[in-house]
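Asks: Take this structure, written in structure tokens, and hold onto it; I'll ask about it next.
The values are calculated or read from the model by the stated rules, or taken from the named source; none is laboratory data. Computed from a predicted model, the values in this text were never measured in an experiment. Cβ coordinates were reconstructed from backbone atoms using ideal geometry, including for glycine residues, and neighbour counts include every protein chain displayed. For accessibility, only protein heavy atoms count, side chains too; no ligands or nucleic acids. Shrake-Rupley method; radii C 1.70, N 1.55, O 1.52, S 1.80 Å.
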Amino acid sequence: MSKNTNEEEMSGGRRVMGMDDHIIQIIGYLLIGLFALLCVLPFYLIIVASFTDEATLIRNGYPLYFKDFSIEAYKLCLKNPVSILKAYGNTIGVTLVGTFFSIMLSTMTGYVLSRKDFPWRNKFSFFFFFTTLFNGGLVPWYIMCVRYLNMKNSYMGLILPLMFSVWNMIIAKSFMSGIPAAITESAKIDGANDFVIFFKLILPLSKPLVATLGLFAALAYWNDWYNCMLYITNEDMFNLQYYLQRILGSAEALKIVAEKSGIALPSVPLESMKMAMTVIATGPIVLLYPFVQRYFVKGLTIGAVKG
């Protein structure tokens, strides 16, 4: 058999790759690299467009390189740095607190429902699943949150609605079902209660799960603007997404009024502002992803397979 064919040579207990293996590996790397480039390209175009003059952007579309460089969009977005820093602070605080409690609720609920010695686990699982099919509607939800839970102009209005996710709970339940029951049983024999078992044994074994749920929850809190629109009227409590959305909405309204009234107003770079807001809003959360990426795929796929 020729060395150029798909043969496996053994040298000192190690597998020596043949020519065909090298070719397949090169092709695989090229395809993966091309796919990664296609994933990065949209964000690159957004960054370039955010630094491009509005007239050039409208006339030529999104450029592949910096042309007619302009920072006018960022000047308008960051015109009031104190307000945007407050919005950043509100978003970061809500994201940190909400993500922590979201992870705790999802993992603790998933752990309880994964325990085979819990007799009502199937009934509670059906109850949680049923809530994903129906809801009470926006008006009853708003009345309950504002009138009875006093969530108007309260940070609880930004934290509570997203604190518990049934989807995250199902992932946690599926993941923890794969943890051997012998660990729990041996800890109980040694006198450990359920809280000690959960925090000392189950959570340390669930790092991929915690990283996955943490990323899901952090993305949900960071990108949320809807709850801020519903419950917050105090400008000092606006989160980043809603604050930027208000800036863009005001600019669009100003442009429409100017066009209909015939009043000459300074040109507002709406398109480049949208790109600049995207960079401002997504930059920090994009930087977080590399730290949890190695756990993310493992936790998600294990939860999916076990389910």
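Asks: For the chain, what relative contact order do you get, as a whole percent, if you take Cα pairs closer than 8 Å and at least 6 residues apart? Walk me through the intermediate numbers first.
Replies: On the way: 318 pairs, mean separation 82.6, N = 307.
Answer for the chain is 27 percent.
Asks: Testing the spin-label approximation: label points 7 Å from Cα along Cα→Cβ at Trp141 and Val82. State their distance in nm.
Replies: 3.5
Asks: Okay, next question. Using 0.36 nm per residue, how much length does the chain from Phe199 to Asp21 gain when fully extended, once their Cα-Cα distance is taken away? Don't skip to the end; give the middle numbers.
Replies: Details: separation 178, 0.36 × 178 = 64.08 nm, distance 4.58 nm.
Stretched fully, the Phe199-Asp21 segment lengthens by 59.5 nm.
Asks: Now for a separate question. Quick one, which of (i) 43, 36, 15; (ii) 39, 30, 16; (iii) 41, 19, 16 is the actual semi-axes √(5λ) of the Cα gyration tensor in Å calculated for this model?
Replies: (i)
Asks: Arrange the peptides 92-104, 226-238 so that the one whose residues have, on average, the most other Cβ atoms within 10 Å appears first.
Replies: Result, highest mean first: 92-104, 226-238.
Asks: Rank by packing, highest mean first: peptides 126-137, 241-252, with packing defined as the count of other Cβ atoms within 10 Å averaged across residues.
Replies: Numbers: 126-137: 9.7, 241-252: 17.2.
Peptide ranking by packing, descending: 241-252, 126-137.
Asks: Taking springs between alpha-carbon atoms closer than 10 angstrom, which of Ile71, Ile256, Ile159 fluctuates most in the Gaussian network model of the chain?
Replies: Comparing Ile71, Ile256, Ile159 in a Gaussian network model of the chain, the most mobile one is Ile256.
Asks: Ignoring ligands, DNA and RNA, what accessible area per residue does the chain give at 1.4 Å, in Å²? Intermediate values should be presented prior to the final figure.
Replies: On the way: 19010 Å² over 307 residues.
Ligands and nucleic acids excluded, the figure is 62 Å² per residue.
Asks: For region 22-167, what does the relative contact order come out to in percent, with C-alpha contacts under 8 Å and a separation of six or more? Provide the component values of the computation, followed by the final result.
Replies: Working: 72 pairs, mean separation 27.7, N = 146.
Over region 22-167, the number comes to 19 percent.
Asks: Contour minus end-to-end for Tyr62 and Phe43, with contour as 0.36 nm per residue of separation and end-to-end as the Cα-Cα distance? Can you show the working numbers first?
Replies: Details: separation 19, 0.36 × 19 = 6.84 nm, distance 1.14 nm.
Length gained between Tyr62 and Phe43: 5.7 nm.
Asks: Next question. Could I have the simple spin-label model distance between Asp53 and Ser250, label points 7 Å from Cα toward Cβ, reported in nm to one decimal?
Replies: Between Asp53 and Ser250, the simple spin-label model gives 2.7 nm.
Asks: Next up: Highest mean first, what order results for 117-123, 206-212, 41-47 on Cβ atoms within 10 Å? If you can, show how the numbers build up before the last one.
Replies: Working: 117-123: 10.3, 206-212: 21.6, 41-47: 13.3.
Highest-to-lowest ranking by the protection proxy: 206-212, 41-47, 117-123.
Asks: Moving to a separate point now. Roughly how many percent of the accessible protein surface of the chain is carbon and sulfur, given a 1.4 Å probe and a whole-percent answer?
Replies: On the way: 12930 of 19010 Å².
On the chain, the fraction of accessible area on carbon and sulfur atoms equals 68 percent.
Asks: On to the next question. Is it possible to state the helix-based mean residue ellipticity at 222 nm for the chain, with each DSSP H run of 4+ residues giving -39500 (n - 2.57), the sum divided by total residues, to the nearest 500 deg cm²/dmol? What is it?
Replies: Computed ellipticity for the chain at 222 nm equals -21500 deg cm²/dmol.
Asks: Would you mind getting me the FRET efficiency between Phe134 and Val286? Use the beta-carbon distance for r and R0 = 51 Å, nearest 0.05.
Replies: Values: r = 35 Å, r/R0 = 0.69.
E(calc), rounded to 0.05, equals 0.90.
Asks: If you don't mind, there's one more thing I want to ask. Taking amide hydrogens as modeled 1.01 Å from N in the peptide plane, which residues meet the under 5 Å criterion relative to Thr52, leaving out close sequence neighbours?
Replies: So Thr52 has HN proximity to Ser70.
Asks: With contacts defined as alpha carbon pairs under 8 Å and 6 or more residues apart, what's the relative contact order of region 116-272 in percent?
Replies: Details: 66 pairs, mean separation 40.2, N = 157.
Across region 116-272, relative contact order equals 26 percent.
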